[in-house]
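Shown next, in structure tokens, is the structure this report addresses.
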Amino acid sequence: MIGQHITELDTPSLCIDLAIMEANLNSMMSYLKEHGKNWRPHVKCHKLPVIAQMQLDAGAIGVTSAKSSEAEVFIENGIPDVLIANMIIGEQKLQRIAKLCSIGDPVVACDHFVQAEALSDVCRQNGVKCRVLLEVDLGMQRVGIRPGPDAQQLARGVDKLPGVELVGIMGYEGHLLTETDEEKKQKQIFTVLSFLEELRDVMLAEGICCDIVSAGGTGSYQITAKHPAVTELQAGGGIFADRFYLERCGVKGLTPSLTLVASVVSRPSLERAVLDVGRKSVHPDIHPPTVPSMVNGKALSDAEVTQLSAEHMTLKLGPESQNLIVGDKVIVSPGYSDHTSVLHNEFVGLRDDRVECIWPIAARGKLK
């Protein structure tokens, strides 16, 4: 496939425009440097060590993963500093963390003393030490210790445990990403980030390490980076610049780089076309996919996605799109890459519409 033109690709193919992704990556890194923040991008959108290495080469200090098995892929492929932004429970997972501590330098999030104590025991048994962050609930009502006295008490307890090293705190302002009023959004985000700032100040006053204050998703990174207490951001999806981030979160200065190449397989009527991509190829939750153009660049401005079944996408065609014929290849723009990348085995890297690389998605299916 190397050297093939986009028009020659079998479909569906999940493609990255490498030049656009690189521009997004460099734009994010420059923005964070400008605001004096470190970058520890989440890998859930790409799950690929080669892209993580590109982020490190640009200036990132490490990466963020969701699961211990996912972190394992990155550490074993030369990315030593991985924040596992999740609670680790269970002997198998804890033993995996201990192994990773012997070959890398992971950081594990916790929000309960039981989690930290279990990690402490396994690390002591294996003769290793693991860094820990306390996760604080900033309003997501998902995971995280309650801010205030509960979080302060947890910090005091975890700080005394052997085998683990408390190095900071984290939180996620994800419930505020889609606020449309920019001024209100910044005020709300700064308000919840003050919970982290307060905890940091208490920890430092008591001699407890809080070198790291980690927060920030792609949908909020341009605001979160301005908060003085935050030391690093986990925003990762901006390299693909999903339409969810651009259209619903108001992120500026990035361009979508992830697409699917699909084929028209049926034209049941003048106003309807069917493509060979469905829910098994592009996930509609969070934000629906769109069909911006054909592979030759011709706009499909009045083509609307009306239905997704397992293997098919149905389009309602306006007058400007009704010349589509069976066999035409169409660009599909995923609304949210995190839920789409995991449906595929590989990325096709394109430069100037020609295949430059094929990247198997190494951490796909790493859910443990």
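The values are calculated or read from the model by the stated rules, or taken from the named source; none is laboratory data. Keep in mind that this is a model prediction, so the values were computed, not measured. Note that we place each Cβ from the backbone using ideal geometry, even for glycine, and neighbour counts take in every protein chain shown. These accessible areas exclude ligands, DNA and RNA; they are computed on the full protein's heavy atoms, side chains included. Shrake-Rupley method; radii C 1.70, N 1.55, O 1.52, S 1.80 Å.
Hey, got the dipole for the chain? About the Cα centre, +1 on K and R Cβ, -1 on D and E Cβ, debye to the nearest 20? Numbers along the way, then the final one.
Working: 36 positive and 46 negative charges, 90 e Å.
Approximately 440 debye in magnitude.
For segment 138-163 and segment 185-209, what is the separation of their Cα centres, given in Å?
Answer, in whole Å: 12.
Which loop trypsin sites (Lys or Arg not before Pro) in segment 122-167, with loop taken from DSSP, have no more than 13 other Cβ atoms within 10 angstrom of their Cβ? Present the calculation step by step, with values, prior to reporting the outcome.
Numbers: sites: R124, K129, R131, R142, R156, K160; in loops: K129, R142, K160.
Taking segment 122-167 and a limit of 13 other Cβ atoms within 10 Å, the loop trypsin sites (Lys or Arg not before Pro) found are R142, K160.
Amide H to amide H, which residues 5 or more places from S293 or on other chains are under 5 Å from it, using H placed in the peptide plane?
L300, I331
If you place +1 on the Cβ of every Lys and Arg and -1 on the Cβ of every Asp and Glu, how big does the dipole about the Cα centre of segment 1-95 come out, in debye to the nearest 20?
With Lys and Arg at +1 and Asp and Glu at -1, about 400 debye.
Would you please state which residues of segment 278-316 a label at L367 would reach in this model, taking the label point 7 Å out along Cα→Cβ and a backbone N cut-off of under 16 Å?
Within reach of a label on L367, which here means backbone N under 16 Å from a point 7 Å along Cα→Cβ, segment 278-316 contributes 280-281, 283.
Give me the accessible area per residue for the chain, probe 1.4 Å, as a whole number in Å². Kindly include the intermediate steps, with their values, before the conclusion.
Values: 15130 Å² over 368 residues.
About 41 Å² of surface per residue is accessible.
How much net charge surrounds A229 when only the other residues with a Cβ under 14 Å from the Cβ of A229 are counted, with Lys and Arg +1 and Asp and Glu -1? Intermediate values should be presented prior to the final figure.
Details: positive: K37, R200, K226; negative: E173, E197, E198, D201, D211, E232.
Cβ neighbours under 14 Å give a net charge of -3.
Taking 0.36 nm per intervening residue step and subtracting the Cα-Cα distance, what contour gain separates Q307 from E22 on full extension? Mind dumping the intermediate values first?
Values: separation 285, 0.36 × 285 = 102.60 nm, distance 3.26 nm.
Difference between extended and current length: 99.3 nm.
³J(HN,Hα) across segment 279-293 via Karplus (A = 6.51, B = -1.76, C = 1.60, θ = phi - 60°), whole Hz, x for Gly/Pro?
3J(HN,Hα) across segment 279-293, in whole Hz: 5, 7, 10, 9, 8, x, 5, 6, 7, x, x, 10, 10, x, 6.
Where the Cα atoms of the chain are projected onto their three principal axes, how long is each span, largest first, in whole Å?
Cα spread of the chain along its principal axes, largest to smallest: 70, 44, 34 Å.
Calculated FRET efficiency, Q153 and I89, Cβ-Cβ r, R0 22 Å, to nearest 0.05? Each step should come with its number before you reach the end.
Working: r = 21 Å, r/R0 = 0.93.
E between Q153 and I89, to the nearest 0.05, is 0.60.
Quick one: longest stretch of the chain between exposed loop GluC sites (Glu not before Pro), exposed meaning at most 15 other C-beta atoms within 10 Å and loop per DSSP? Mind dumping the intermediate values first?
Working: sites that count: E206, E271, E311.
By the stated rule (loop sites, at most 15 other Cβ atoms within 10 Å), 1-205.
Relative contact order for segment 51-124: what percent, with Cα pairs under 8 Å and sequence separation of 6 or more?
Details: 96 pairs, mean separation 20.8, N = 74.
Relative contact order, segment 51-124: 28 percent.
Averaging sequence separations of C-alpha pairs under 8 Å and six or more residues apart, then dividing by the length of the chain, give the relative contact order as a whole percent.
Working: 838 pairs, mean separation 77.2, N = 368.
Averaging sequence separation for qualifying contacts and normalising by length gives 21 percent for the chain.
If amide H atoms are built 1.01 Å from N in the plane of the peptide, which residues on other chains or at least 5 residues away come under 5 Å of the amide H of I145?
Those qualifying (amide H under 5 Å, at least 5 residues apart or on another chain) are E135, V136, D137.
Given axes a ≥ b ≥ c from the Cα gyration tensor, I'd like to know whether segment 305-366 is rounded (a/c under 1.5), prolate (a/b larger than b/c) or oblate. Kindly include the intermediate steps, with their values, before the conclusion.
On the way: a/c = 2.82, a/b = 1.54, b/c = 1.84.
Judged from the Cα gyration tensor, segment 305-366 comes out oblate (a/c at least 1.5, b/c at or above a/b).
Quick one: accessible surface of F113, probe radius 1.4 Å, all protein chains present, in square angstrom to the nearest 10.
70 Å²
Connecting C-alpha atoms closer than 10 Å in a GNM of the chain, tell me which of Q153, Q55, Q234 has the biggest fluctuation.
Checking each option, the largest mean-square fluctuation is seen for Q153.
In whole Hz, what ³J(HN,Hα) sequence does segment 315-322 give by Karplus (6.51, -1.76, 1.60; θ = phi - 60°), x for Gly and Pro?
With the stated coefficients, segment 315-322 comes to 10, 8, 9, x, x, 7, 10, 7 Hz.
Between H175, H46, H287, where does the largest GNM mean-square fluctuation fall for the chain, given springs only between Cα atoms within less than 10 Å?
With Cα springs under 10 Å in the chain, the top fluctuation among H175, H46, H287 is at H175.
Could you please state how large a percent of the accessible area of the chain is carbon and sulfur, counting protein chains only and using a 1.4 Å probe?
Numbers: 7350 of 15130 Å².
Ligands and nucleic acids excluded, carbon and sulfur give 49 percent.
Counting only DSSP beta bridges with both residues in the chain, what percent are antiparallel, rounded to the nearest 5? If you can, show how the numbers build up before the last one.
Details: 31 of 60 bridges.
The antiparallel proportion sits near 50 percent.
Using 0.36 nm per residue of separation minus the Cα-Cα distance, give me the extension gain between R124 and S102 in nm, one decimal. The partial results should precede the final answer.
Values: separation 22, 0.36 × 22 = 7.92 nm, distance 1.23 nm.
Extra length from R124 to S102 when fully extended: 6.7 nm.
With a cut-off of 8 Å between alpha carbons and a minimum separation of six or more residues, what is the relative contact order of segment 1-104 in percent? Mind dumping the intermediate values first?
Details: 97 pairs, mean separation 20.4, N = 104.
Value for segment 1-104: 20 percent.
Under 11 Å from the Cβ of T180, count the other residues' Cβ atoms, weight Lys and Arg +1, Asp and Glu -1, and hand me the total. Please report the intermediate quantities before stating the final value.
Details: positive: K184, K185, R248; negative: E179, D181, E182, E183, E247.
Every neighbour counted, the sum reads -2.
How would segment 25-69 be classified by its alpha-carbon gyration tensor: rounded, prolate or oblate, with rounded meaning a/c under 1.5 and the a/b versus b/c comparison settling the rest?
Cα axes put segment 25-69 in the prolate bin.
Any idea how far the Cα center of segment 55-118 sits from the one of segment 249-307, in Å?
36 Å
For G163, list long-range residues whose amide hydrogen, built 1.01 Å from N in the peptide plane, is under 5 Å from its own amide hydrogen.
Amide H neighbours of G163, under 5 Å, 5+ apart: none.
Short version: ³J(HN,Hα) in whole Hz for each residue of segment 200-206, in order, from phi by Karplus 6.51 cos²θ - 1.76 cosθ + 1.60 (θ = phi - 60°), x for Gly and Pro, what are they?
Result, ordered by residue: 4, 5, 5, 4, 5, 5, 9 Hz.
According to the square roots a ≥ b ≥ c of the eigenvalues of the Cα gyration tensor, what is the shape class of segment 143-216, taking rounded for a/c under 1.5, prolate for a/b larger than b/c otherwise, and oblate for the remainder? Don't jump to the answer; show the numbers that get you there.
Numbers: a/c = 2.68, a/b = 2.39, b/c = 1.12.
Note, shape of segment 143-216 comes out prolate.
Per 0.36 nm of contour for each residue apart, how much would the distance between D57 and H35 grow if the chain were fully extended, relative to their Cα-Cα spacing? Please list the in-between numbers first.
Values: separation 22, 0.36 × 22 = 7.92 nm, distance 1.90 nm.
6.0 nm is the gain from fully extending D57 to H35.
Choose one of Y221, L254, G207: the residue whose Cα lies farthest towards the positive end of the charge dipole of segment 164-257 (beta-carbon charges +1 Lys, Arg; -1 Asp, Glu; about the Cα centre).
Sorting the options by dipole projection puts first L254.
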